[in-house]
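Peer 1: Quick one: the structure is below, questions incoming.
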């Protein structure tokens, strides 16, 4: 099983849209996929029209008692572990654990899922916390959407610093440009400057109305129109991510 986290410490960069669409794309290719909504706001869960059961919470998650709360989506090969509002307290719960185990808790919790899934996708909250450290340790790849603007680049720098602090392998970071408007001179110049760096993927997701409309359709873009420009871009992105993480074996 390959674990892929969609992560940035900055909000509004397209994390959830990325997680939802590449989960759908990977499942459509025949892979058995579980999307874990780790953000207490539950945006990924909303897109798939799934709510967490009332009995599910962060304590059940950390106790490893989450299996019965995994739900099937409307799409073949794609399951979802929905978010719960109590996930906002995950950092407090992790901090109460012993120093040696707290950083590896998530990796241990998720390991049993390898019997049922080939791909585990984590839609992560925008923060720099102990949960972030757990996500990094648990993942084979940390995919970071970057809008071609200064603040979004700063968030990527923060991620690199966190990897350095944890002495984690920075080759796990796969950045890509998101919400790109090439008519904007700043976007064009930032992409030209940074896309040559090895951590940046060649794929880029443009700013498209069909992605914004996901909030209305509550569907991945490929489920609305399979060969739409957005669906094709997410397919390219996922294929590049998959190629990278399988090459690391």
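Peer 1: Report the calculated FRET efficiency for residue 165 and residue 65 (r = Cβ-Cβ distance, R0 = 35 Å), to the nearest 0.05. List each step's numbers first, then the result.
Peer 2: On the way: r = 31 Å, r/R0 = 0.89.
It comes to 0.65.
Peer 1: Need one number: % antiparallel among DSSP beta bridges in the chain, to the nearest 5. Working shown, then result.
Peer 2: On the way: 2 of 27 bridges.
Just about 5 percent of them are antiparallel.
Peer 1: Moving on. From a point 7 Å beyond the Cα of residue 154 in the direction of its Cβ, which residues of region 101-141 have a backbone N at a distance under 19 Å?
Peer 2: Those under the cut-off are 126-129.
Peer 1: Provide, as a two-decimal number, the C-alpha radius of gyration of region 179-249 over 2.2 N^0.38 Å, N being how many residues it has. Write out the running numbers ahead of the final one.
Peer 2: On the way: Rg = 14.1 Å, N = 71, 2.2 N^0.38 = 11.1 Å.
Scaled against compact globular proteins, the figure is 1.27.
Peer 1: Need one word for region 90-175: rounded, prolate or oblate. Basis is the Cα gyration tensor (sqrt eigenvalues a ≥ b ≥ c); a/c below 1.5 gives rounded, then a/b vs b/c decides.
Peer 2: Working: a/c = 1.97, a/b = 1.35, b/c = 1.46.
Taking the square roots of the gyration eigenvalues as a ≥ b ≥ c, region 90-175 is oblate.
Peer 1: Is the shape of region 2-247 rounded, prolate or oblate, going by the alpha carbon gyration tensor and its root eigenvalues a ≥ b ≥ c, with a/c under 1.5 for rounded and a/b larger than b/c for prolate? Kindly include the intermediate steps, with their values, before the conclusion.
Peer 2: Numbers: a/c = 1.68, a/b = 1.20, b/c = 1.39.
Oblate, since a/c reaches 1.5 and b/c is not below a/b.
Peer 1: Here is a further query. Add -39500 (n - 2.57) for each DSSP H run of 4 or more in the chain, then divide by its residues: what number comes out at 222 nm, to the nearest 500 deg cm²/dmol?
Peer 2: -11500 deg cm²/dmol
Peer 1: Classify region 108-249 from the C-alpha gyration tensor, please: rounded if a/c falls under 1.5, else prolate or oblate depending on whether a/b exceeds b/c.
Peer 2: Values: a/c = 1.72, a/b = 1.17, b/c = 1.47.
It comes out oblate by the Cα gyration axes.
Peer 1: Counting only C-alpha contacts under 8 Å and six or more residues apart, can you give the relative contact order of the chain as a whole percent? The partial results should precede the final answer.
Peer 2: On the way: 439 pairs, mean separation 66.1, N = 249.
Over the chain, the number comes to 27 percent.
Values quoted throughout were computed directly from the atomic coordinates according to the rules given, and no laboratory measurement underlies them. These numbers come from a predicted model, not from an experiment. In this analysis, Cβ positions are derived from the backbone assuming ideal geometry, glycine residues included, and neighbour counts consider all displayed protein chains.
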